Amino acid sequence: VYPETQSFYCFGCGAGGDVITFIKKINNVDYIEAVKFLAGRAGMALPEEDDQTGRLRSRIISINKDAARFYFSRLNSDAGRVGRAYWRGRGLSDATIKRFGLGYAPDSFRETRDHLKSLGYTEDELLAAGLIKRSEKGGTFDFFRHRVMIPIFDLRGNVIAFSGRKLDPEQPGGKYVNSPETLVYKKSRTLFALNFAKKSQTRRYILCEGNLDAISMHQVGFTTAVAGCGTALTAEQVKILSEYADEVVLCYDSDEAGQKATRRAISLLSASPLKISVLNIPDAKDPDEFIKKFGAERFEMLLNGSNNAIEYELLQAKGKYDIATPDGRLNYIKDAIGVLAGRITPTERDVYAGRLAEETNISKTAILAQLGTAAKRAGGKYRREKNRELLRSGEMDQIKVPYSAGGSQALGIASAQQRL
């Protein structure tokens, strides 16, 4: 590190640059996250927020850290026996519980609130953090009660939210209760366990349906497992994943809801540079159950033999029809061409057309002709959608100039001024 030029150079790998580049490389984060990290170290507000917002953001981060410590301490108290029994029943070791900061929210309306207030936090700050709620009568109460707690971390290792699983089937509320969105937590931009996964050297990531699936995989050595945060996969999450992964293996539950989520994820990931694979989990409803029944080595064999996204969709299409009948074969061909059109190279088109011909006893020439027509149609539709998307996202869509003010010429002037 050269203090006089505020720069660094690594004689081992040849990396060099300024402090932002250093933080990006050593913490494996993007530019924005590096700036946020350095701003936090220096106590500076980010440009888009005023000092008041920046202070509240810092307070929420601090509150969440103290709340996570509180939940962890309660897990290891007499009152937390039921929580410890649950985590051990899920096969989690003490080391895993500690690494992920798992805890227990006591069966009380005030214990968490009172503890955090004793540390100097105000009710307004606790409300902003989403750890307490206001009742209809105006009082406040703990948002998480009698639940095992899973902290959610950002890329820098800050606790930004919680997910709580209920322990009593008769307890009101859903199986999982998640923190509301706050100044520091946006679930559409957050991937659970990415703060751990980004430290791995491998670029093949495993995308799970639930937090516990990801935790179980990390425990047995699959350290690139990540999960969404109580929502379907989003375009923002795909963008974040593409920063760290070259390949994503979709590892959702085998039930109908899991398969629906898989199809949605494929459609989002197909627009990214990521290679997509889909894991078929036999004789188990989810990865956690499969690993418990058959072990980590069998699961790794599954991973290595996972189908690509096109193979998966073709199998799904084939399963809907009886291809022993003419009607079933024709419907299967129609669906298969819908899967293949616009998404494959000419070489792949030839390979899949040959396979479809063998499966259905329909000539390869006829399938290729139908596929070529469908591919042209799909390509035109894609270009039209892409153009519409560009128009909506470009600067021209943001500049509103009345036609009476000069029409297209005035729009061009406004555009040039904005660019300048």
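The values are calculated or read from the model by the stated rules, or taken from the named source; none is laboratory data. Keep in mind the model is a prediction, meaning the values are calculated, not measured. Cβ: placed from backbone, ideal geometry, glycine included. Neighbour counts: every protein chain shown. When the accessible area is computed, the model is the full protein with side chains, heavy atoms only, and any ligands, DNA or RNA have been set aside. Shrake-Rupley method; radii C 1.70, N 1.55, O 1.52, S 1.80 Å.
Checked against the criterion of being touching an Asp or Glu at 6+ places or on another chain (Cβ under 8 Å), over 26 Å from Glu33 (Cα atoms) and buried (at least 16 other Cβ atoms within 10 Å of the Cβ), the stretch 228-251 contains one or more residues that satisfy it. Scanning the stretch 200-244 for residues that are touching a residue at least 60 places away in the same chain (Cβ under 8 Å), within 15 Å of Lys187 (Cα to Cα) and charged (D, E, K, R) returns a single hit, Glu209.
Kindly establish whether Ile337 is touching a Ser or Thr at 6+ places or on another chain (Cβ under 7 Å) and of a type outside the set (Lys, Arg). So Ile337 fails the test. Using the structure shown, decide if Arg329 is over 23 Å from Ile215 (Cβ atoms), open to solvent by 20 Å² or more (accessible area, probe 1.4 Å) and touching a residue at least 40 places away in the same chain (Cβ under 8 Å). Criteria not met by Arg329.
Of the listed requirements (1) at pLDDT 90 or above; (2) under 25 Å from Ala296 (Cβ atoms), Gln201 misses just one: (1). Name the residue that is nearest to the chain's Cα centre (by Cα), counting only residues in the stretch 162-173 that are part of a strand (DSSP E or B) and not hydrophobic (A, V, I, L, M, F, W, C). Within the stretch 162-173, the match that is nearest to the chain's Cα centre (by Cα) is Ser163. Looking at the stretch 192-288, the strands (runs of 3 or more DSSP E) lying wholly inside it that each contain 2 or more residues that are β-branched (Val, Ile, Thr) sit at 247-251, 275-278. Within the stretch 139-161, the residues that satisfy the criterion of being outside any strand (DSSP E or B), open to solvent by 30 Å² or more (accessible area, probe 1.4 Å) and either touching a strand residue (DSSP E or B) at 6+ places or on another chain (Cβ under 8 Å) or of a type in the set (Gly, Ala, Ser) (or both) are Gly139, Phe143, Arg145, His146, Gly157.
Within the stretch 332-357, the set of residues being open to solvent by 50 Å² or more (accessible area, probe 1.4 Å) and in a helix (DSSP H, G or I) comprises Lys334, Gly338, Pro346, Thr347, Glu348, Arg349, Asp350, Val351, Arg355.
Of the residues contained in the stretch 121-133, one or more are found to be buried (at least 18 other Cβ atoms within 10 Å of the Cβ) and part of a strand (DSSP E or B). For Glu313, the stated conditions hold: it is out of contact with any Pro (no Cβ under 8 Å at 6 or more places or on another chain), under 28 Å from Lys239 (Cα atoms) and of a type in the set (Asp, Glu).
Reported count of residues in the stretch 236-264, each being within 26 Å of Gly174 (Cα to Cα) and in contact with a Leu (Cβ under 9 Å, 6 or more places away or on another chain), is 7.
Filtering the stretch 303-321 for residues that are closer than 20 Å to Ser216 by Cα and free of Cβ contacts under 8 Å to residues at least 60 places away in the same chain leaves a non-empty set.
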